[in-house]
Amino acid sequence: MTRSDPPPQPAGAAAAKALAWTHTARFLVTAARLEQLPQLELAEIGFVGRSNAGKSTAINRLAQQKRLAFASRTPGRTQHINLFAVGPKNAPDALFADLPGYGYAAVERAAKLRWQEVMAQYLAQRRSLSGVVLLVDSRLGFTDLDQRLLRLLEPRLAGGVVRLLVLLTKADKLSRQAAAQASREATALLSRECPAHADVAVGLFSALNGSGVDDVAVRLDAWAQPRDALQTTM
Ligand code: GDP
């Protein structure tokens, strides 16, 4: 008797498609201020997080490229927004935006204030913003600045315009039990801080061992679909 291969798992197929899509990410443009960013009619996914939370590593892992995003601690370069195009070569269908990391102690006060201004403007005003990925170190949980960012984003979450995915990074450093605890605490905080009807999710993530990577890719791929298309298929 010959054994035929099992049919592909729908979940596996969705992840493979989504990862093939995130792997297309390529650098597009860098900007110091919101008004310098191009206004393209593409769904944009913003990556935000405290310095050292693992944002660059997560973007690189999703893109399967070693140095697409890199944390620059050089004063003056920490404030930049970097855009990456995602999708077919000549017809990208989404953008990833790498926002400045925050909370780095050595940054002078003026730079901190400017960060606040750039982030507040970006989160409140960027018209094409479709979703936000907030990276939080799973061992630290939400810091004050993360919570401030949630408050900046809250009106747009409440309006249903923007979705939020919180990634608890470096999950490989936690025991199974500690990871479950970190997840519970993050979920509890989000249910307090974010409106009940908002599209908000939390997931454990490790760029090192790959846990959570498929789920993130599938979710971001869904965010990049035009809303009309989503409604007709759901
Ligand atoms: P960023 O400042 O948020 O861009 O943070 P980085 O991506 O530069 O990561 C900060 C540090 O955490 C680096 O030393 C990374 O190697 C480490 N790191 C990032 N992701 C992971 C992970 O999934 N697991 C582990 N163990 N370390 C990680």
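The values are calculated or read from the model by the stated rules, or taken from the named source; none is laboratory data. Note that the structure is a prediction, hence the values are computed from the model and not measured. Reconstructed Cβ throughout: ideal geometry from the backbone, glycine too, with neighbour counts over all protein chains shown.
Here are the numbers for the structure shown:
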{"item": "Condition met for V161 (among the β-branched types (V, I, T) and more than 16 Å from the ligand (Cβ to nearest atom))", "result": "yes"}
{"item": "Any chance G203 is within 16 Å of the ligand (Cβ to nearest atom), under 17 Å from G49 (Cβ atoms), touching an Asp or Glu at 6+ places or on another chain (Cβ under 7 Å) and touching a residue at least 12 places away in the same chain (Cβ under 8 Å)", "result": "yes"}
{"item": "Residue in region 21-49 that is surrounded by the most Cβ atoms within 10 Å (Cβ to Cβ), counting only those that are farther than 13 Å from L99 by Cα and aromatic (F, W, Y)", "result": "W21"}
{"item": "Index of the failed condition, P100 passing every other in (1) under 18 Å from the mean Cα position of the chain (by Cα); (2) surrounded by 15 or more Cβ atoms within 10 Å (Cβ to Cβ); (3) not in a loop (DSSP other than H, G, I, E, B)", "result": "(3)"}
{"item": "Residue within region 120-135 that is within 16 Å of the ligand (Cβ to nearest atom) and of a type outside the set (A, V, I, L, M) present", "result": "no"}
{"item": "Pairs with Cβ under 8 Å, 6+ apart, first in region 38-61 and touching a residue at least 40 places away in the same chain (Cβ under 8 Å) and under 19 Å from W21 (Cβ atoms), second among the basic types (K, R) and part of a helix (DSSP H, G or I)", "result": "F47/K55"}
{"item": "Elements of type helices (runs of 4 or more DSSP H) contained in region 105-198, each with 3 or more residues being crowded, with 20+ Cβ neighbours inside 10 Å", "result": "109-125, 144-158"}
{"item": "Any hit, region 50-63, residues being part of a strand (DSSP E or B), buried (at least 17 other Cβ atoms within 10 Å of the Cβ) and at pLDDT below 95", "result": "yes"}
{"item": "Enumeration of residues in region 30-60 that are of a type in the set (D, E, K, R) and near the ligand (Cβ under 8 Å from one of its atoms)", "result": "R50, K55"}
{"item": "Check on A158, touching a strand residue (DSSP E or B) at 6+ places or on another chain (Cβ under 6 Å) and either in contact (Cβ under 8 Å) with a residue 40 or more places away in the chain or within 21 Å of N209 (Cα to Cα) (or both)", "result": "no"}
{"item": "Breaking point among (1) free of Cβ contacts under 8 Å to residues at least 60 places away in the same chain; (2) touching a strand residue (DSSP E or B) at 6+ places or on another chain (Cβ under 9 Å); (3) under 15 Å from L145 (Cα atoms), for V118", "result": "(1)"}
{"item": "Region 188-202, residues that are modelled with pLDDT of 95 or more and touching a Leu at 6+ places or on another chain (Cβ under 6 Å)", "result": "V200, A201"}
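To keep it simple, each residue is scored yes or no on (1) among the hydroxyl-bearing types (S, T, Y); (2) at pLDDT 90 or above; (3) within 16 Å of the ligand (Cβ to nearest atom); (4) under 28 Å from A217 (Cβ atoms).
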{"site": "P88", "(1), (2), (3), (4)": "no, yes, no, yes"}
{"site": "L95", "(1), (2), (3), (4)": "no, yes, no, yes"}
{"site": "G103", "(1), (2), (3), (4)": "no, no, yes, yes"}
{"site": "E108", "(1), (2), (3), (4)": "no, no, no, no"}
{"site": "R114", "(1), (2), (3), (4)": "no, no, no, no"}
{"site": "E117", "(1), (2), (3), (4)": "no, no, no, no"}
